[in-house]
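The values are calculated or read from the model by the stated rules, or taken from the named source; none is laboratory data. These numbers come from a predicted model, not from an experiment. Cβ atoms come from the backbone with ideal geometry, glycine included; neighbour counts cover every protein chain shown. All accessible areas refer to the heavy atoms of the entire protein, side chains included, with ligands and DNA or RNA removed. Shrake-Rupley method; radii C 1.70, N 1.55, O 1.52, S 1.80 Å.
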Amino acid sequence: MESYEILWDKALKELQSTVSAISYSTYIEQLKPIDLINTKLILATKTEIFASEVASRLLDKIRAALRTADTGITDIELC
């Protein structure tokens, strides 16, 4: 399996075309992949409030980008 950084990079390319430039720079670029457990990608966030904002605004788009990029990742955890 490819490393989680490579898989995240594939998703980032998809996200650039599906979210606004402001959302991408404010939220998506701030997420850092730190682990892959089975098919769950663990993304580090700055704070719990930031994680909550990402979850409420962008989690579905991130999941869709991971599917579209054919990463094999089926779940995300923000920490």
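Computed quantities for the displayed model
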item	result
Share of carbon and sulfur in the accessible heavy-atom surface of the chain [1.4 Å probe, %]	51
Listed residues ALA55, ALA44, ALA21, most fluctuating in the chain (Gaussian network, C-alpha, under 10 Å)	ALA21
Probe 1.4 Å, accessible area per residue of the chain, Å²	59
Span per principal axis, largest first, for the Cα atoms of the chain (Å)	31, 25, 17
THR26 paired with ASN38, simple spin-label distance in nm, labels 7 Å along Cα-to-beta-carbon	3.5
